[in-house]
Amino acid sequence: MKFLAKARGQHATTKDAFYSWCDPAQNYISHSHFGTLMRSWGFQSAHDELFAWLDSDNDGRISYEDLFRTLGVHLSPQEDHYFRFQ
């Protein structure tokens with residue numbers, strides 16, 4: 001998936017990705033903000049699908065927990081290992 005390759009190239013960890021993508025005032029990634037980000041990455045037509053995948057609890061926004069559950073294993077598997085054994 002091109003999105004995963006792009007995310008890996010831009011961010012070393014899920015936490016890094018989340019904080020660079022989220023609205024700092026809200027501490028979540030809104031659908032409109034994610035759409036803007038994806039268009040800037042060249043994913044105009046796929047951002048709705050990607051948002052639906054990343055919004056694992058289907059509440060209309062992407063929290064860190066959503067991102068960790070969906071993207072974390074692909075982006076930084078070591079992060080998953082670290083959090084499971086805390």
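Which one is modelled with the highest pLDDT among residues in segment 61-86 that are over 10 Å from Thr14 (Cβ atoms) and hydrophobic (A, V, I, L, M, F, W, C)?
Among residues in segment 61-86 that are over 10 Å from Thr14 (Cβ atoms) and hydrophobic (A, V, I, L, M, F, W, C), the one modelled with the highest pLDDT is Ile62.
Search segment 59-86 for residues that are more than 22 Å from Gln26 (Cβ to Cβ) and surrounded by fewer than 21 Cβ atoms within 10 Å (Cβ to Cβ) and pair each with any residue that is of a type in the set (Gly, Ala, Ser) and modelled with pLDDT of 65 or more when their beta-carbon atoms are under 6 Å apart and the residues are at least 6 apart or on different chains.
Close Cβ pairs satisfying both conditions: Glu79/Gly72; Asp80/Gly72.
If you go through segment 14-50, how many residues are modelled with pLDDT of 90 or more, of a type in the set (Phe, Trp, Tyr) and over 20 Å from Glu65 (Cα atoms)?
Number satisfying all stated conditions: 0.
If we keep just the residues of segment 11-27 that are of a type outside the set (D, E, K, R) and either more than 10 Å from the chain's Cα centre (by Cα) or part of a loop (DSSP other than H, G, I, E, B) (or both), which is surrounded by the most Cβ atoms within 10 Å (Cβ to Cβ)?
Here the answer is Cys22.
Mind listing whichever residues of segment 30-47 are part of a loop (DSSP other than H, G, I, E, B) and either among the small types (Gly, Ala, Ser) or surrounded by 12 or more Cβ atoms within 10 Å (Cβ to Cβ) (or both)?
Passing the criteria: Trp41, Gly42, Phe43, Ser45, Ala46.
Restricting to segment 5-28, give me the number of residues that are of a type in the set (Ser, Thr, Tyr), under 20 Å from Asp59 (Cα atoms) and either touching a residue at least 24 places away in the same chain (Cβ under 8 Å) or touching a strand residue (DSSP E or B) at 6+ places or on another chain (Cβ under 9 Å) (or both).
Here the count works out to 2.
Out of the residues in segment 48-58 meeting the condition of being surrounded by fewer than 16 Cβ atoms within 10 Å (Cβ to Cβ) and not polar (S, T, N, Q), tell me which one is nearest to Thr14 (Cα to Cα).
Checking each candidate, the answer is Trp53.
Could you grab the pairs with beta carbons closer than 9 Å, sequence gap of 6+ or different chains, first residue in segment 29-51 and more than 18 Å from Leu4 (Cβ to Cβ), second one among the aliphatic types (A, V, I, L, M)?
Here the result reads Ser30/Ile62; His31/Ile62, each pair linking segment 29-51 to a residue that is among the aliphatic types (A, V, I, L, M).
The values are calculated or read from the model by the stated rules, or taken from the named source; none is laboratory data. Everything quoted here is computed from the prediction, not taken from an experiment. Neighbour counts are summed over all protein chains in view; Cβ atoms, including those assigned to glycine, are modelled from backbone coordinates with ideal geometry.
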